[in-house]
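Inspection log for the structure reproduced underneath, given as structure tokens.
The values are calculated or read from the model by the stated rules, or taken from the named source; none is laboratory data. Bear in mind the structure is a predicted one, so any value in this text is a computation, not a measurement. Here the Cβ is made from the backbone with ideal geometry for all residues, glycine too, and neighbour counts use every protein chain on show.
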Amino acid sequence: MKKALFLVNQHSRKGKQLLSQATAELQTLGFELITESTAHPRDLPDTIRRYQNQVELVIVGGGDGTLNAAIEGLLDTKLPLGILPMGTANDLARTLGIPTSLPEACQVIANNQVRLIDLGWVNGKHFFNVASLGLSVQITERLTKEVKQRWGVLAYAFTALQVLWSARPFRAEIRVNHQSFYVKTIQIAIGNGRYYGGGLTVAEDAKIDDRRLDLYSLEIKNWWEIIALLPAMRQGNHASLPNVHTWEAQEIEVSTSKRRPINTDGEITTYTPAKFRVIPKALAVIAP
């Protein structure tokens with residue numbers, strides 16, 4: 001019998017309805033579960049610390065925001081993470097090749113293949129997938145729980161279209177490898193993982209254990225230009241396009257004349273000026 005702490009965000013898109021199914025599946029696979037439901041993801045680290053000596057792993061059921069909220073507790077306790085994708089976008093699960101089907105995701109956890117993955121870090125805040133500023137922050141601010149519940153992953157596309165036509169370029173300084181680059185951009189994204197925003201790709205060859213960050217800056221003047229970019233952004237080969245600049249590094253600094261909010265894994269958590277870095281092999285996850 002493996003003892004696991006099972007944390008579920010019942011406010012996630014499928015959390016409530018899948019809780020009993022997931023519990024039954026995991027118990028059938030031989031897990032002894034301590035189940036804690038959370039209304040506030042910010043409580044997750046303390047819950048993980050409280051049970052650290054009673055369990056062998058932590059299983060989190062929820063979306064990318066819930067998983068991100070658990071990071072500090074996982075880092076402190078060194079417990080491996082099992083993931084049940086129950087959110088809207090499930091970008092971390094996609095990056096790790098974890099199936100969205102609940103029985104299959106439970107089987108992945110039972111197989112117990114542990115991988116060490118990198119984490120991104122910005123101004124003291126860790127992230128799995130992407131940190132970004134500009135357009136994506138406006139999308140995050142508009143993306144209500146109701147819209148996510150109703151439309152699922154399509155909510156990202158609908159909301160993006162709503163904010164696109166009002167998006168205004170801003171000036172930023174990007175400091176990479178002791179050089180400064182000045183850009184006028186509508187979005188800067190810094191990726192640690194591969195997928196973000198409901199299936200967009202950070203960079204063609206991005207991996208969550210490649211010990212680097214991938215940055216792109218989207219330098220378009222008119223909102224409709226992004227429509228031509230979208231297929232490339234899904235594939236990750238937008239680096240070859242004339243109005244996109246890309247860099248890769250282990251440390252990056254971004255500053256803007258006006259203080260701007262930064263979104264990490266879908267939540268606004270810090271502001272510019274920002275220092276980003278990759279933390280290699282930071283966390284153990286159970287993945288195929």
Among (1) in contact (Cβ under 8 Å) with a residue 24 or more places away in the chain; (2) in a helix (DSSP H, G or I), there is one condition residue 23 misses while meeting the rest; what is its number?
(1)
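Just to be sure, is residue 230 touching a helix residue (DSSP H, G or I) at 6+ places or on another chain (Cβ under 7 Å) and at pLDDT below 90?
Values: touching a helix residue (DSSP H, G or I) at 6+ places or on another chain (Cβ under 7 Å): no; at pLDDT below 90: yes.
In short, no.
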Go through the residues of the stretch 29-43 one by one and say whether even a single one is free of Cβ contacts under 8 Å to residues at least 24 places away in the same chain and more than 26 Å from residue 124 (Cβ to Cβ).
no
Among the candidates 100, 35, single out the residue that is outside any strand (DSSP E or B) and of a type in the set (S, T, N, Q).
100
List every residue pair whose Cβ atoms lie under 7 Å apart, where the two residues are 6 or more positions apart in sequence or sit on different chains, the first residue falls within the stretch 269-288 and is under 30 Å from residue 258 (Cα atoms), and the second residue, located anywhere, is of a type in the set (Lys, Arg) and surrounded by 15 or more Cβ atoms within 10 Å (Cβ to Cβ).
269/125; 270/125; 271/260; 272/260; 278/212
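Looking at residue 190, is it assigned by TED's automatic domain parsing to the domain that holds residue 136, at pLDDT 95 or above, in a loop (DSSP other than H, G, I, E, B) and of a type outside the set (Ser, Thr, Tyr)?
no
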Residues of the stretch 38-65 being part of a helix (DSSP H, G or I) and hydrophobic (A, V, I, L, M, F, W, C), which ones?
44, 48
Within the stretch 123-134, restricting attention to residues that are buried (at least 22 other Cβ atoms within 10 Å of the Cβ) and out of contact with any Gly (no Cβ under 8 Å at 6 or more places or on another chain), which residue is farthest from residue 92 (Cα to Cα)?
134
Take the conditions part of a helix (DSSP H, G or I), surrounded by fewer than 24 Cβ atoms within 10 Å (Cβ to Cβ) and not small (Gly, Ala, Ser) and apply them to residue 71. Does it pass?
yes
Residue under question is residue 104, and the condition is that it be under 17 Å from the mean Cα position of the chain (by Cα), without any contact (Cβ under 8 Å) to a residue 60 or more places away in the chain and either assigned by TED's automatic domain parsing to the domain that holds residue 150 or surrounded by fewer than 22 Cβ atoms within 10 Å (Cβ to Cβ) (or both); does it hold?
no
Of all residues in the stretch 179-208, count the ones that are at negative phi and surrounded by fewer than 17 Cβ atoms within 10 Å (Cβ to Cβ).
9
